[in-house]
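The values are calculated or read from the model by the stated rules, or taken from the named source; none is laboratory data. Note that the structure is predicted; figures quoted are calculated from it, not measured. Cβ atoms come from the backbone with ideal geometry, glycine included; neighbour counts cover every protein chain shown.
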């Protein structure tokens, strides 16, 4: 996850980010479900810290074509 963190004050050049980056995904559905479960736990822990501090926010960028499954992905990643 550190690769995706942006430090305060850093400028972001989206052209430098590979939209097909799959470093956390082995490519099959079973691995994807496992990765989402792990990501959910990490996001939950980070959100708890951010909420306690009350100063920072989280921005998640999810890219896919129309009908690419973004709605379902959002539900699965962010459900508690």
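Taking residues in segment 1-20 that are closer than 17 Å to residue 55 by Cα, and partners anywhere that are modelled with pLDDT of 85 or more and outside any helix (DSSP H, G or I), the pairs with Cβ atoms closer than 8 Å and at least 6 places apart or on different chains are 6/12.
Pairing each residue of segment 51-80 that is touching a residue at least 60 places away in the same chain (Cβ under 8 Å) with any residue that is surrounded by 11 or more Cβ atoms within 10 Å (Cβ to Cβ), provided the two are 6+ apart or on different chains, yields no C-beta distance under 6 Å. Within segment 34-80, if we keep just the residues that are outside any helix (DSSP H, G or I) and touching a helix residue (DSSP H, G or I) at 6+ places or on another chain (Cβ under 6 Å), the residue that is farthest from residue 6 (Cα to Cα) turns out to be 64. Exactly one residue out of 31, 15 is exposed (fewer than 10 other Cβ atoms within 10 Å of the Cβ), in a helix (DSSP H, G or I) and modelled with pLDDT of 80 or more: that is 15. Is there a residue in segment 2-9 that is surrounded by 10 or more Cβ atoms within 10 Å (Cβ to Cβ), at negative phi and in a helix (DSSP H, G or I)? Yes, segment 2-9 has at least one match.
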